[in-house]
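The values are calculated or read from the model by the stated rules, or taken from the named source; none is laboratory data. Quantities reported herein were computed from a predicted structural model and do not represent experimental measurements. Cβ placement follows ideal geometry from the backbone for every residue including glycine, while neighbour counts extend to all protein chains displayed. Just so you know, the surface numbers come from the protein's heavy atoms only, side chains and all, with ligands and any DNA or RNA stripped out. Shrake-Rupley method; radii C 1.70, N 1.55, O 1.52, S 1.80 Å.
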Amino acid sequence: MDLKKPEKFRVATFNLLWDKCTRVPLVGNMNLDTAERRFKESLMIISNLNAHVIALQEISKRFLNMLEVHPLYKAYPYRIQASDCLILSCIKMESKKSIAYGHNAPSALFDVNGKKIAVINGHTTSLAKNHQRRKRQMQKLVEKASRHYMTADSIILVGDLNMHLPLEEKNIIDLHKYARAGGFESEECVDVWKELRGEKDGYTYDSWNNAFIRALRPMAENVELFANKPIPRSWGSWISESPVMSKLFPSDHFGILAQFKL
């Protein structure tokens, strides 16, 4: 990557899935703690993305311990963590700030080829019943981020925003209004996910094949995701005894790598 004058700014986002949520059924009442194997695979995958900035959610102490001894840690020396979210960067951060919005979101400002770009990593409350809470969280996060980074050329909001209901599409459309309320001059909000998947419904997981997912929702078509393939069965002959573990994925979500033209 050209770090001095890159023509494109590459930002990756990925929810790792908590280590405490990774005990999945094997045979009968047997269970297997999959976290270490999944985290090892995730670290390998994100190391090969060639992203300038990596935003991770649901990080744990266990993952951080593995990260600190991985080559990725030295390759991405600029970091900020808030709550369960982490931003890693191979580009120096001009400034960084934790933004409180009900949770805490790490954020950072970068000078990329003369452009001031702020990246915010959010993780809103999950479950369909909490859609009104998510709306309030998004409004507060965007307004506060816009107030803090009002002199930036662009603001990029990434993370696990948990917006999966049809009625929440309007919340995304309204983000530019929240940004203007915070003082950031924005005429529109570009929804990268919708730009990628078009008008069809689609999600960053595959409930038909990924055993970590219970809700039956379709995976987005024509979108190139990462960490979307099962982990190779190379860690014990017992693995083949379980149809669930024969399709062990790194997480319950798949990751997105967005490339922004400067």
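Might you check whether a residue that is in contact with a Gly (Cβ under 6 Å, 6 or more places away or on another chain) and either at pLDDT below 90 or surrounded by 13 or more Cβ atoms within 10 Å (Cβ to Cβ) (or both) occurs anywhere in the range 226-236? Don't jump to the end; show me each part of the working.
Initial filter on the range 226-236 (in contact with a Gly (Cβ under 6 Å, 6 or more places away or on another chain)): 226-227.
Keeping just the survivors that are either at pLDDT below 90 or surrounded by 13 or more Cβ atoms within 10 Å (Cβ to Cβ) (or both) gives 226-227.
So far as the range 226-236 goes, yes, one or more of its residues are in contact with a Gly (Cβ under 6 Å, 6 or more places away or on another chain) and either at pLDDT below 90 or surrounded by 13 or more Cβ atoms within 10 Å (Cβ to Cβ) (or both).
Residue under question is ALA55, and the condition is that it be modelled with pLDDT of 95 or more, of a type in the set (A, V, I, L, M, F, W, C) and surrounded by 19 or more Cβ atoms within 10 Å (Cβ to Cβ); does it hold?
Details: modelled with pLDDT of 95 or more: yes; of a type in the set (A, V, I, L, M, F, W, C): yes; surrounded by 19 or more Cβ atoms within 10 Å (Cβ to Cβ): yes.
Taking the combined requirement at face value, the residue satisfies it.
Tally time: how many residues in the range 87-100 are touching a helix residue (DSSP H, G or I) at 6+ places or on another chain (Cβ under 8 Å) and surrounded by 16 or more Cβ atoms within 10 Å (Cβ to Cβ)?
Step one: of the range 87-100, the residues touching a helix residue (DSSP H, G or I) at 6+ places or on another chain (Cβ under 8 Å) are 88, 90, 97, 99-100.
Still in the running and surrounded by 16 or more Cβ atoms within 10 Å (Cβ to Cβ): 88, 90, 97, 99.
Final tally of qualifying residues: 4.
Please verify whether GLU195 is outside any loop (DSSP other than H, G, I, E, B), at pLDDT 75 or above and crowded, with 16+ Cβ neighbours inside 10 Å, treating the condition exactly as stated. Explain how you work it out, then say what you get.
Values: outside any loop (DSSP other than H, G, I, E, B): yes; at pLDDT 75 or above: yes; crowded, with 16+ Cβ neighbours inside 10 Å: no.
When the stated conditions are applied, GLU195 does not pass them.
List, please: which pairs have Cβ atoms under 9 Å, are six or more places apart or on different chains, and start with a residue in the range 27-38 that is among the acidic types (Asp, Glu) and end with one that is open to solvent by less than 50 Å² (accessible area, probe 1.4 Å) and modelled with pLDDT under 65?
Close Cβ pairs satisfying both conditions: ASP33/THR22.
Would you mind stating whether TYR73 is closer than 18 Å to CYS189 by Cβ and surrounded by fewer than 21 Cβ atoms within 10 Å (Cβ to Cβ)? Step through it out loud before you land on a result.
Details: closer than 18 Å to CYS189 by Cβ: no; surrounded by fewer than 21 Cβ atoms within 10 Å (Cβ to Cβ): yes.
In short, no.
Out of (1) under 26 Å from GLU185 (Cα atoms); (2) open to solvent by 10 Å² or more (accessible area, probe 1.4 Å), the odd one out for THR124 is which?
Against the list (1) under 26 Å from GLU185 (Cα atoms); (2) open to solvent by 10 Å² or more (accessible area, probe 1.4 Å), THR124 comes up short only on (2).
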